[in-house]
Amino acid sequence: MSTEMVAVTVPRIPRIGEPAPDFESHSTQGVLRLSDYTSKGKWIVLFSYPGDFLPVCTTEFIEFARRNDEFEKRNVQLMGCSVDSVFSHIAWIRNIEEASGIKIPFPVIADPDRKVARLFGMLHDAASDTATVRAVLFIDPKQTIRALLYYPVACGRNIDEVLRVVDALQTGDSNHVATPANWRPGDAVIVPPPTTQADAEERAAGGDGLEITDWYLARKQLDTAD
């Protein structure tokens, strides 16, 4: 039996908290630079998909487009990306708009040389060595990667969850809190735990308008002005 080792290429997956690498690429709305958006204080949701003219991808584009106003209200710029050419993107977008009546308002990056895909870990060899997976990267105005989601080819994304992650990140940043499991806007948030024994005892004793489960787990309702 052969014991020869086979080299496996492991994709470089970006890490939460790392700077998002800047890039310049052609898109359906002209030359696109990531820093052109973050320098204006924009959040970015950069999502990749396997390819144009594919059924699951088509449903995702329609749903992203339908919810685009909700992303804009949150100061978020949507950006799509696949390895197809800009001409293929344009033809597919026109087809979607003609078939569904839904306009695609966000730019779609053409990445035939896979430069953006490699920068952001969108190519997974075990799934495909030519097509991008369904990745979602959340990038804040400081151009820092804040969250990542990955889906297989056959599983379409839930746009409600993409919006929920944006809301959770922005709520946490604005109020210095965390968000519990299944959190939705309007739900109670988690306040930071005490860092000294004295503070832990004070927390456990109650007060401060907190919903206290134990000294390390306490929730509060944000004021509408928060």
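FYI, it's all coordinate maths here, none of it is from the lab. Everything numeric in this text was worked out from a predicted model, so none of it was measured. All Cβ positions, glycine included, derive from the backbone under ideal geometry; neighbour counts span all protein chains shown.
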Sum up the charges of everything whose Cβ sits under 13 Å from the Cβ of G17, counting Lys and Arg as +1 and Asp and Glu as -1, but leave G17 out. +1
The chain: antiparallel bridges as % of DSSP beta bridges, rounded to 5, reads 70 percent
Under the Karplus relation 6.51 cos²θ - 1.76 cosθ + 1.60, θ = phi - 60°, what is the ordered set of whole-Hz ³J(HN,Hα) values for segment 186-199, x standing for Gly and Pro? x, 6, 5, 10, 9, 8, x, x, x, 10, 9, 5, 4, 5
Students often forget the sequence filter, so: which aspartates and glutamates lie under 19 Å Cα-Cα from K115 once same-chain residues fewer than 8 apart are removed? E18, D22, E24, D36, D52, D84, D125, D129
Under Karplus coefficients 6.51, -1.76 and 1.60, residue-wise ³J(HN,Hα) of segment 22-32 in Hz, glycine/proline x: 6, 7, 10, 9, 6, 9, 5, 10, x, 5, 10
Run the helix sum for the chain: -39,500 (n - 2.57) per DSSP H stretch of 4+ residues, divided by residue count, reported at 222 nm to the nearest 500 deg cm²/dmol. -8500 deg cm²/dmol
Name the long-range amide H neighbours of A147: under 5 Å, sequence gap of 5 or more, or other chain; modelled H, no Pro or chain starts. F138
By average C-beta atoms within 10 angstrom, highest first, the peptides 17-24, 172-179: 172-179, 17-24
Calculate the FRET efficiency for T196 and E161 from the Cβ-Cβ distance with a Förster distance of 30 Å, rounded to the nearest 0.05. 0.25
Using DSSP to call loops (not H, G, I, E or B), can you name the trypsin sites (Lys or Arg not before Pro) in segment 133-175 whose Cβ has at most 14 other Cβ atoms within 10 angstrom? K142
Note on segment 24-156: alpha-carbon gyration tensor, axes a ≥ b ≥ c; rule is a/c under 1.5 for rounded, else prolate if a/b larger than b/c, else oblate; result rounded
Compare I13, I212, I62 in a GNM of the chain, Cα atoms joined below 10 Å, and give the one with the largest fluctuation. I212
What angle, in degrees between 0 and 90 and rounded to the nearest 10, separates the Cα long axis of helix 55-66 from the longest principal axis of the Cα atoms of the chain? 50 degrees
Using amide H atoms built 1.01 Å from N in the peptide plane, name the residues 5+ places from L78, or on other chains, whose amide H lies under 5 Å from its own. V45
List the lysines whose alpha-carbon lies under 22 Å from that of K73, not counting same-chain residues fewer than 8 positions away? K40, K42, K103, K142
Tell me the Rg and the Dmax, in Å, that the Cα atoms of the chain produce. 21.0, 69
Under the Karplus relation 6.51 cos²θ - 1.76 cosθ + 1.60, θ = phi - 60°, what is the ordered set of whole-Hz ³J(HN,Hα) values for segment 96-113, x standing for Gly and Pro? 4, 5, 5, 7, 10, x, 9, 7, 9, x, 9, x, 10, 7, 8, 10, x, 8
